[in-house]
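Asks: Dropping the structure in here first, questions after.
The values are calculated or read from the model by the stated rules, or taken from the named source; none is laboratory data. Computed from a prediction, not measured in an experiment: that's the story for all the values here. Using ideal geometry, Cβ is built from the backbone for each residue, glycine included, and neighbour counts are taken over all protein chains shown. Ligands, DNA and RNA are stripped out before the accessible areas are found, and what is left, the full protein with its side chains, is counted by its heavy atoms. Shrake-Rupley method; radii C 1.70, N 1.55, O 1.52, S 1.80 Å.
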Amino acid sequence: MSNKTNYEYLLSDLNSLKGVGIKTQNLLKKKNINNLFDLLWKLPKSYTDRSLSTKIENLKIGENQTVTIIPQKYNFPRIRNLPNRVLCRDETGEIDCVFFNSYEGYIKKILPLGKEITVSGKINHFRNKYQLTNPKYVSEDSSLVQKVHNKYSLTDGISEKVYNKIINQIITNLPSLAEWHSNYILNKFGHISWNTAIKELHKSENIGRYKDNFYQRLAFDEIFSTFLVNSEIRKKIRKVKKKSKSINIKNQNLTINKLEFTLTSDQKKALEEINEDLKSKTKMFRLLQGDVGSGKTIVALISALNTINSGFQVAFMAPTEILAKQHYNLAKKIFSKKIRIEIISGKSIYKEKKQILKNLESNKVDIIFGTHAVFQKKVQFYKLGLIIIDEQHKFGVNQRKKLSDKGGVDCDVLLMTATPIPRTLTMTIYGDMDISIIREKPKNRKPIKTYSKLENKIDDILKFISKEINKGNQIFWVCPLIEESKKLDHSSAIKKFEFLKKNYPNQVGLLHGKTDVDTKEKILNDFLKKKFQILVSTTIIEVGIDFPNANVIIIENANKFGLSQLHQLRGRVGRGEKDSICILMLKSNLSDNAKKRINILKKTNDGFIISEEDMKIRGFGDVLGFKQSGIKNFKLADPIHNSDLFLLAENEMRRIENSNESIARFKPLIKLYDRAEIINDIA
Ligand code: ADP
Ligand code: MG
């Protein structure tokens, strides 16, 4: 038996449940339900009310009813297709329990003669007698028949009866855990304990009572545990003592002054914050958040320069080879010749790569650019002082934690993301980091004008394109992503390419996921040099690439994309001084919801607002690609409806951090809720 005061009972394996076979266990595991705790979050969707246990004389035909009877006589005809019957009785009358396709042995087991049994199900009437066909719930002890029978949205193959039995078993054995919240917090939820709250959660009469204390408390627990884990990670990282870097401001400003533009005040502020971190004796773990085109790259590069000038090496990781190359080129352009800059890619020639790796190890390279290739085991640094990771929003906490460990004690970490997120989610998603935000866009930026156009109006679009080309402008043409098949994805881009080539001979280029690296680079370079005017591509141009001369982007089948993604794509234009235009091509039969979403993009260029709206429409899991990020989805908490709880949790978190309270009392909370298992030991 389990120690009932211990949370560990809830973390035990499914096979610790009584009466649950391997088959059921496997079905549950398929649904990612691996222990008893997981089972608690499968909530009843509706229920059958069996609380009105009735005497036989009061049974209502056609309704679901519960009745306690005593089986009197088996009637098992030897004729095919005739059902087995059991004559039953209470003090008010008779009823037949009828079984189709059930073995006699089973029937005898569940309806033993002479014993008081409670059965339940739909009542019908046949040949002047009440009849209950295939009774759904049978128990020897009427007190064990749940008053109400919860209906869950179930995994195929698991019956409601089994599921109710499982949940009841867990709830009966629920350990009573010592309270982890402060009185102040408990006050907000009517002092309901976790234990009671769970019980309330599974009561059928409580379905949909999201505003009740039990629900709110449990949602809060969930949010708070996430914040707590994040805060612990952050504390751990802060504890790491590193050698401080000395920033040579003169040197920094020499480079800044040579740029073609002046930094915006947000860029300057971010740079100062990063410099402070570099100078400090604790490890930097900072996120640089800024909308597309806000100018994060230059901030990162100057930070890299400062790190190098302080005697360290830098690793700069980008999500795609193209982007790594672009960053590499920019560094080549703005850094002095003395700085040794390299790039490695999956496609680098073996011999060259080997040489670069050797040079890295012997401190003959100052900064290395690349994709995740720069973090392979065989890549060894002489003295790595800063890791920069661009466009990392799909990294989860776990990956980030690994990353911060990776560089060693003296290595600072700077992450960049162009994915603005709703305010309520900042602590949830990035609570383990310090954050610098660039809100202000460079002064020369004009908002991108966004239009929608029905697919069948493609001729209008072609006319428009021709005009733009005559003005010397360039155009991105993004083809839809067809999720199921990468091949089709390409084929739609190829088709469009062929089509446009007929209209604009020698003016169209094509790029998709299967284009090899060298060709890709050539095409992108040619496009940059204006050798052709229209670049047809799949979404690979989504992240980070910078083409100042391109001012029009056409996105086919736009409603296939999420709002944030469309905003990112749109951000590929509008970086120069020209008017920029985004045309969203749509199929004619759009739903109201789809129209609403498209309108948001037309109305605003502010990524923060867009993410907020996107979340309202699609829920936060979809908006942020949580699945990829490995960040768990909340089970009860909802950033839209529970924004107050998110704020409350943030305040409580700060209070605890500032008061230096021990968090030992939260151990069960963390152990139960922290699926990432990042925190192994708590004070
Ligand atoms: P993102 O934040 O999306 O990564 P980038 O760093 O790629 O944006 O910058 C987008 C473009 O803006 C680049 O062409 C860059 O040279 C330019 N840029 C950056 N900062 C400024 C600035 N302060 N003034 C003008 N242009 C800038
Ligand atoms: Mg960028």
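Asks: Looking only at residues in segment 565-582 that are more than 12 Å from ligand 1 (Cβ to nearest atom), at pLDDT 85 or above and assigned to a loop (DSSP other than H, G, I, E, B), which one is surrounded by the most Cβ atoms within 10 Å (Cβ to Cβ)?
Replies: S580
Asks: Quickly run through segment 585-602 and pick out the residues that are over 14 Å from I617 (Cβ atoms) and surrounded by 14 or more Cβ atoms within 10 Å (Cβ to Cβ).
Replies: Residues satisfying the conditions are M585, L586, K587.
Asks: In contact (Cβ under 8 Å) with a residue 60 or more places away in the chain and surrounded by fewer than 18 Cβ atoms within 10 Å (Cβ to Cβ) - does that describe any residue in segment 213-231?
Replies: No, that holds for no residue.
Asks: Which numbered condition in (1) more than 18 Å from L10 (Cβ to Cβ); (2) modelled with pLDDT under 90 is the only one that D212 fails?
Replies: (2)
Asks: Could you tell me which of the residues S294, S303 is at pLDDT below 95, of a type in the set (S, T, Y), within 16 Å of ligand 2 (Cβ to nearest atom) and surrounded by 21 or more Cβ atoms within 10 Å (Cβ to Cβ)?
Replies: Of S294, S303, the one residue that is at pLDDT below 95, of a type in the set (S, T, Y), within 16 Å of ligand 2 (Cβ to nearest atom) and surrounded by 21 or more Cβ atoms within 10 Å (Cβ to Cβ) is S294.
Asks: When only residues in segment 563-605 that are touching a Gly at 6+ places or on another chain (Cβ under 8 Å) and of a type in the set (G, A, S) count, which is nearest to ligand 2 (Cβ to nearest atom)?
Replies: G571
Asks: Being basic (K, R) and either open to solvent by less than 100 Å² (accessible area, probe 1.4 Å) or in a loop (DSSP other than H, G, I, E, B) (or both) is the filter here, so list the residues in segment 333-368 that pass it.
Replies: Once the filter is applied, which keeps residues that are basic (K, R) and either open to solvent by less than 100 Å² (accessible area, probe 1.4 Å) or in a loop (DSSP other than H, G, I, E, B) (or both), segment 333-368 yields K337, K338, R340, K347, K353, K364.
Asks: Still on this structure, please answer the following. Does segment 403-412 contain any residue that is surrounded by 23 or more Cβ atoms within 10 Å (Cβ to Cβ), closer than 28 Å to P548 by Cβ, assigned by TED's automatic domain parsing to the domain that holds F316 and away from ligand 2 (no atom under 16 Å from the Cβ)?
Replies: no
Asks: If you check G562 against the conditions, is it within 13 Å of ligand 1 (Cβ to nearest atom) and over 16 Å from I458 (Cα atoms)?
Replies: So G562 does not fit the description; no.
Asks: State yes or no: is K446 assigned to a loop (DSSP other than H, G, I, E, B), within 16 Å of ligand 2 (Cβ to nearest atom) and open to solvent by 20 Å² or more (accessible area, probe 1.4 Å)?
Replies: In short, no.
Asks: Cβ-Cβ below 6 Å, separation at least six or inter-chain, first residue in segment 355-375 and in the same structural domain as T307 (by TED's automatic domain parsing) and touching a residue at least 12 places away in the same chain (Cβ under 8 Å), second among the charged types (D, E, K, R) and surrounded by fewer than 19 Cβ atoms within 10 Å (Cβ to Cβ): which pairs?
Replies: From residues that are in the same structural domain as T307 (by TED's automatic domain parsing) and touching a residue at least 12 places away in the same chain (Cβ under 8 Å), the pairs are V365/R340; D366/R340.
Asks: If you take the residues in segment 82-127 that are outside any helix (DSSP H, G or I) and of a type in the set (S, T, Y), which one is surrounded by the most Cβ atoms within 10 Å (Cβ to Cβ)?
Replies: The qualifying residue surrounded by the most Cβ atoms within 10 Å (Cβ to Cβ) is S120.
Asks: Can you confirm whether N257 is more than 16 Å from ligand 2 (Cβ to nearest atom), open to solvent by 20 Å² or more (accessible area, probe 1.4 Å) and either under 30 Å from L43 (Cα atoms) or in the same structural domain as L386 (by TED's automatic domain parsing) (or both)?
Replies: Taking the combined requirement at face value, the residue satisfies it.
Asks: Here's a follow-up. Taking N306 as meeting all but one of (1) in a helix (DSSP H, G or I); (2) of a type in the set (S, T, N, Q); (3) within 16 Å of ligand 1 (Cβ to nearest atom), write down the number of the exception.
Replies: Just one mismatch for N306, condition (3).
Asks: Would it be correct to say that V543 is surrounded by 15 or more Cβ atoms within 10 Å (Cβ to Cβ), closer than 23 Å to P319 by Cβ and at pLDDT 85 or above?
Replies: no
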